[in-house]
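Accompanying notes for the structure given below.
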Amino acid sequence: MELRIHDIGQLFHNLDPLPYRERDLDERVEEYVVGWAGEMPNAPIEILVHLPAAQAEREDAAHIGDAIRNYFAYRAEVIGWELRDLFRVGRASLGVGLAVLAVAVVLGRILGELLGGYLGRVFDEGLIILGWVANWRPIQIFLYDWQPLARRRRLYRRLAEASVRLSPGD
């Protein structure tokens with residue numbers, strides 16, 4: 001993957017006061033790099049940064065590779081926190097959902113017996129449906145919601161290990 005810049009500052013968020021190696025990447029740069037990396041096979045990633053020779057000779061140019069890798073390592077860590085939080089919410093939701101399901105099944109059976117006939121059956125089955133609906137969110141979390149986050153974290157980890165080379169030119 002190749003980036004062409006005229007100034008080192010183009011790579012980084014310009015409102016961030018930290019030194020380059022600790023700065024956030026510019027949003028457009030991050031979007032471009034992540035987009036390209038997502039299309040690449042699961043092979044090591046190499047980022048070639050084309051920049052003017054005068055920029056390549058600057059002292060901070062030597063830190064571009066570390067800055068890019070550090071940024072994506074941090075983003076992978078943040079997504080790890082988000083995944084842990086999502087699973088925590090999933091576990092709490094599952095606890096509530098299973099409790100609602102248990103109460104709904106028991107209450108449905110009791111009302112089914114007390115009311116009898118068609119009305120008792122409607123209450124019994126309706127409460128069972130309510131119990132399963134209460135489990136919708138935890139099921140969604142544990143089956144589907146975590147997967148995009150895990151894929152993005154894996155991609156950011158690959159980018160955190162990317163080889164970054166500078167190509168000085170005009």
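FYI, it's all coordinate maths here, none of it is from the lab. Not measured: the values here are computed from a predicted model. Cβ: placed from backbone, ideal geometry, glycine included. Neighbour counts: every protein chain shown.
In degrees, nearest 10, range 0 to 90: what is the angle between the Cα axis of helix 64-115 and the longest Cα principal axis of the chain?
Computed tilt is about 0 degrees.
With charges only on Cβ, +1 for K and R and -1 for D and E, what is the dipole size of the chain about its Cα centre, in debye, rounded to 20?
Working: 20 positive and 24 negative charges, 176 e Å.
It works out to roughly 840 debye.
For the chain, give me the percentage of DSSP beta bridges that are antiparallel, rounded to the nearest 5 percent.
Numbers: 1 of 11 bridges.
Here the share of antiparallel DSSP bridges comes out near 10 percent.
If the viscosity is 0.692 mPa s and the temperature 37 °C, what Stokes-Einstein diffusion coefficient in µm²/s follows for the chain when Rh is the Kirkwood radius over Cα pairs?
On the way: Rh = 19.7 Å.
Reported coefficient: 167 µm²/s.
Helix 146-160 versus the longest principal axis of the chain: what is the Cα-based angle in degrees, 0 to 90, to the nearest 10?
It works out to around 20 degrees.
May I ask for the distance between the Cα centers of the range 71-103 and the range 117-137, given as a whole number of Å?
27
Given R₀ = 22 Å, FRET efficiency for GLU31-LEU149 by Cβ-Cβ distance, to 0.05?
According to the calculation, E is roughly 0.80.
Taking the 0 to 90 degree range and rounding to the nearest ten, how far is the long axis of helix 27-39 tilted relative to the main principal axis of the chain, both from C-alpha atoms?
70
In whole Å, largest first, what are the principal axis extents of the Cα atoms in the range 85-152?
Principal-axis extents of the range 85-152 (Cα, largest first): 53, 17, 8 Å.
Name the residues whose placed amide hydrogens come within less than 5 Å of the amide hydrogen of LEU3, ignoring near sequence neighbours (fewer than 5 apart) on the same chain.
LEU48, VAL49, HIS50
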